[in-house]
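Since the structure comes first, as structure tokens, the remarks are kept for the end.
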Amino acid sequence: MTPAVDAADEIHWLSTAEAAHRLGITSRTLYRFIDEGQLPAYRFGRVIRLKADEVDAFIESCRIEPGTLEHLYPDSVSDSSASEARGT
């Protein structure tokens with residue numbers, strides 16, 4: 001007699017297409033993340049699968065912390081200096 005598998009212990013596998021869609025990226029980018037070791041994946045014969053909970057953990061690890069994107073927009077000091085130089 002084999003022990004019953006608890007539904008919470010079941011692994012929810014995603015295909016590479018499903019994982020790429022869930023992440024909103026191309027399959028090529030997904031394969032790059034896997035190859036670089038950023039995202040764990042598993043090969044079963046010729047098929048590559050990803051665990052849904054590991055994809056979700058990867059999503060959370062990519063969360064942007066507030067205050068880390070200042071380099072992407074001009075700071076207000078430069079804007080006010082430029083306004084003063086124009087006389088506005």
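The values are calculated or read from the model by the stated rules, or taken from the named source; none is laboratory data. All values derive from a computational prediction rather than experimental measurement. All Cβ positions, glycine included, derive from the backbone under ideal geometry; neighbour counts span all protein chains shown.
Of note:
- Residue match in the stretch 3-16 (condition: under 11 Å from the mean Cα position of the chain (by Cα), at pLDDT 95 or above, outside any strand (DSSP E or B) and of a type outside the set (Asp, Glu)): no
- Take the conditions (1) exposed (fewer than 10 other Cβ atoms within 10 Å of the Cβ); (2) part of a helix (DSSP H, G or I); residue 63 misses just one of them, which is (2).
- Positions within the stretch 21-53 being part of a helix (DSSP H, G or I) and under 19 Å from residue 63 (Cβ atoms), in sequence order: 22, 23, 29, 30, 33, 52, 53
- Qualifying residue in the stretch 46-68 (condition: modelled with pLDDT under 95 and of a type in the set (Gly, Ala, Ser)): yes
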